[in-house]
């Protein structure tokens, strides 16, 4: 049976929540979900030589994720984000500097990139010029048929039009939420569009390497726009616990089925099912009982 290799590249950090610290960071959340869905999932990030770094390894140990490529920084601390929740919606204070601002494009990382079937990278992980160069080198080291997923993940003040443009020039898939669409168009100097679909089609027009634009809409579902078709999903009704990591679960599930050659309808169903499940639980990496995995898989594929 084919097992895809998926890399999550970027920030590994602790979300400091009112209820206590939880391990997170979009690439780490993405990689853990990708591993749970059956891929060989590798997290490429950097932690500090400190207590939070040790705790991160302890938390990740039970998950089906390859942590063997994590770098350890002798000077900078493991990343941390103070998170406040209002009606289940998070706001963030992202502390700096952090170890993940300093990761290096080692020979081992470049070799891993060359083996990847999909890589996922975001804008926050590029807030330092050093990490930006590393991410771009890794994405360029992938095979031509590798799915290169740019998860926009805008967090003020850590983004610029240059970061978004350069990332889109490398990407085959772009994912963002509905609130980010008009901001991305402004950052790129593109005209406003009357609809989300129009914005996606504009990006496909401007960036010829892009094959798919995915737009999540919270409880309203999502929109996937490709070059020859598009698909809209109304979302899965749930009771929201918190939305931390839900978008990352969406992206991981979408990637999983994209690599299987599934149609847009199934990609959308998978993203909404798994994103909705994570939003219905506390934290970005909630427990997934085997029966829940089987049930949601059957709902997606049945």
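The values are calculated or read from the model by the stated rules, or taken from the named source; none is laboratory data. It should be emphasised that the depicted structure is a prediction, and the values quoted were computed from it without experimental measurement. Here the Cβ is made from the backbone with ideal geometry for all residues, glycine too, and neighbour counts use every protein chain on show.
Side notes on the structure shown:
- Checking each residue in region 7-23 for being in a strand (DSSP E or B) and closer than 24 Å to residue 137 by Cα picks out 7, 8, 9, 13.
- Subset of region 70-88 (residues that are in a loop (DSSP other than H, G, I, E, B), modelled with pLDDT under 95 and buried (at least 17 other Cβ atoms within 10 Å of the Cβ)): none
- Of everything listed in (1) out of contact with any strand residue (DSSP E or B) (no Cβ under 8 Å at 6 or more places or on another chain); (2) modelled with pLDDT under 95; (3) on the phi > 0 side of the Ramachandran plot, the single unmet condition for residue 283 is (1).
- In region 178-202, the qualifying residues are those that are more than 19 Å from the chain's Cα centre (by Cα) and under 26 Å from residue 270 (Cα atoms), and the one that is surrounded by the fewest Cβ atoms within 10 Å (Cβ to Cβ) is 195.
- For beta carbons closer than 8 Å, sequence separation of 6+ or different chains, a first residue in region 249-273 that is on the phi > 0 side of the Ramachandran plot and in contact (Cβ under 8 Å) with a residue 60 or more places away in the chain and a second that is part of a helix (DSSP H, G or I) and buried (at least 24 other Cβ atoms within 10 Å of the Cβ), there are no qualifying pairs.
- The set of residues in region 130-146 being in contact with a helix residue (DSSP H, G or I) (Cβ under 6 Å, 6 or more places away or on another chain) and not in a helix (DSSP H, G or I) consists of 141, 142.
- From 255, 243, residue being modelled with pLDDT of 95 or more and in contact with a strand residue (DSSP E or B) (Cβ under 7 Å, 6 or more places away or on another chain): 255
- Some residue of region 35-54 being within 18 Å of residue 288 (Cα to Cα), modelled with pLDDT of 95 or more and assigned to a helix (DSSP H, G or I): yes
- Among the residues of region 1-13, those identified as surrounded by fewer than 24 Cβ atoms within 10 Å (Cβ to Cβ) and in contact with a helix residue (DSSP H, G or I) (Cβ under 7 Å, 6 or more places away or on another chain) are 4, 5.
- Of the criteria (1) surrounded by fewer than 18 Cβ atoms within 10 Å (Cβ to Cβ); (2) under 19 Å from residue 32 (Cα atoms); (3) in contact with a strand residue (DSSP E or B) (Cβ under 7 Å, 6 or more places away or on another chain), which one residue 267 fails: (1)
- The one condition in (1) at pLDDT below 90; (2) within 19 Å of residue 148 (Cα to Cα); (3) in a strand (DSSP E or B) that residue 91 fails to fulfil: (2)
- Residues in region 38-53 that are farther than 24 Å from residue 253 by Cα and surrounded by 22 or more Cβ atoms within 10 Å (Cβ to Cβ): 46, 47, 48.
- Within region 242-283, tally of residues that are under 13 Å from the mean Cα position of the chain (by Cα) and either farther than 25 Å from residue 228 by Cα or not in a helix (DSSP H, G or I) (or both): 6
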